[in-house]
Amino acid sequence: MLTRNQKHELVKELTEKIKAAKSVVFVDFKGLKVKDATILKKSLRAAEVEYVVVRKTLIDIALKNAGIEGANIAKMEGQVALALSNSDEVSGAKIIDAFAKTNDKAKMLGGVLGLQLMDAAQVKALAKIPSKEQLLGQLVGTLNAPISGFVNVLAGNLRGLVQVLNAISEQKA
């Protein structure tokens, strides 16, 4: 059992983590086997996402202290953990969504993006957004498309000229 001072320190620390995180995902892990939980934690850790298990009432207090109004974690069903993503807004949601597809015990309950509270459907939609690296790759491809198209047009003209010259040389030979 935690003392009042320990709870106060825990809430203070959790509040700072929530403020620093780019996104937070609420996960119901009730009934999840230790082996599966370990796999989830390792995949989250690899993506620089922190997995924290704290009492629901303490999560509510930390969210309120972080400036996120309207959260009522205490009324959510199951046991709630937080996935705090510090590097990318979508990485935590993506990993948990992929894990929930293979393991029916883990469920996304909602989340926070910036200071905006999200429900489970919005977190699933967030998980479908491509990562920052994928979006940058698509942008580079889009910017490069007109240039490569222009190069192909110029190369096509040269190819046509070479084919005509080959046909003329074959006729004369």
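Could you check the spin-label model distance between residue 121 and residue 39? Points 7 Å from the Cα along Cα→Cβ, value in nm.
Spacing of the two 7 Å Cα→Cβ label points: 3.0 nm.
Over the chain, with a Gaussian network built from C-alpha contacts below 10 Å, which listed residue (151, 53, 112) shows the highest mean-square fluctuation?
Judging by the Gaussian network model, the answer is 151.
Can you tell me which lysines have their Cα less than 21 Å from the Cα of residue 105? Leave out same-chain residues fewer than eight positions away.
By straight Cα distance, residue 105 reaches 30, 33, 35, 41, 42, 56, 75, 94, 124, 128.
Above 29 Å lies some portion of the pair distances; for the chain, what is it as a whole percent of all C-alpha pairs? Display every interim value, and only then the final one.
On the way: 5657 of 14878 pairs.
Result for the distance tail: 38 percent.
Using unit Cβ charges (K, R positive; D, E negative) and no other charged atoms, how large, in debye to the nearest 20, is the dipole of the chain about its Cα centre? Don't skip to the end; give the middle numbers.
On the way: 25 positive and 17 negative charges, 96 e Å.
Computed charge dipole of the chain: roughly 460 debye.
For the chain, with the dipole built from +1 on Lys and Arg beta-carbon atoms and -1 on Asp and Glu ones, taken about the Cα centre, which of 90, 44, 167 lies farthest toward the positive end?
Of the listed residues, the answer is 44.
Using Cα positions and a limit of under 18 Å, work out the aspartates and glutamates in reach of residue 7, with same-chain residues fewer than 8 apart set aside.
Once the sequence-local aspartates and glutamates are set aside, what remains near residue 7 is 16, 60.
Once you've got the GNM for the chain with C-alpha springs shorter than 10 Å, pick whichever of 111, 141, 78 has the biggest mean-square fluctuation.
141
Can you compute the charge dipole magnitude of region 11-69 about its Cα centre, using +1 on each Lys and Arg Cβ and -1 on each Asp and Glu Cβ, nothing else charged? Give it in debye, rounded to the nearest 20.
With only Lys, Arg, Asp and Glu charged at Cβ, the dipole is about 220 debye.
Neighbour counts of other C-beta atoms within 10 Å: give me 75, 33 arranged from fewest to most.
75, 33
For the chain, what is the calculated [θ] at 222 nm in deg cm²/dmol (nearest 500), taking -39500 (n - 2.57) for each run of four or more DSSP H residues and dividing by its residue count?
Counting only the DSSP helices, I get -20000 deg cm²/dmol.
Distance between Cα centroids, region 100-173 to region 1-67: provide it in whole Å.
Region 100-173 and region 1-67 have Cα centres spaced 36 Å from each other.
Can you give the angle from 0 to 90° between the axis of helix 34-46 and the longest principal axis of the chain, with both taken from C-alpha atoms, to the nearest 10?
With rounding to tens, the tilt is 50 degrees.
Fewest Cβ neighbours within 10 Å first, please rank 148, 91 accordingly.
By the 10 Å Cβ count, ascending, the order reads 148, 91.
Tell me the net charge near residue 2. Cut-off is 11 Å between Cβ atoms, residue 2 excluded, with +1 for each Lys or Arg and -1 for each Asp or Glu.
Residues near residue 2 contribute +2 overall.
Taking neighbour Cβ counts within 10 Å as the exposure measure, how do 80, 162, 49 sort from fewest upward? Please list the in-between numbers first.
Numbers: 80 20, 162 10, 49 26.
If I rank by nearby Cβ atoms, fewest first, I get 162, 80, 49.
Choose one answer from 108, 76, 118: the residue with the largest mean-square fluctuation in a GNM of the chain with alpha-carbon springs under 10 Å.
76
No lab work stands behind these numbers, since they all come straight from the coordinates. Everything quoted here is computed from the prediction, not taken from an experiment. For neighbour counting, all protein chains shown are included, and Cβ atoms are generated from backbone atoms with ideal geometry for every residue, glycine included.
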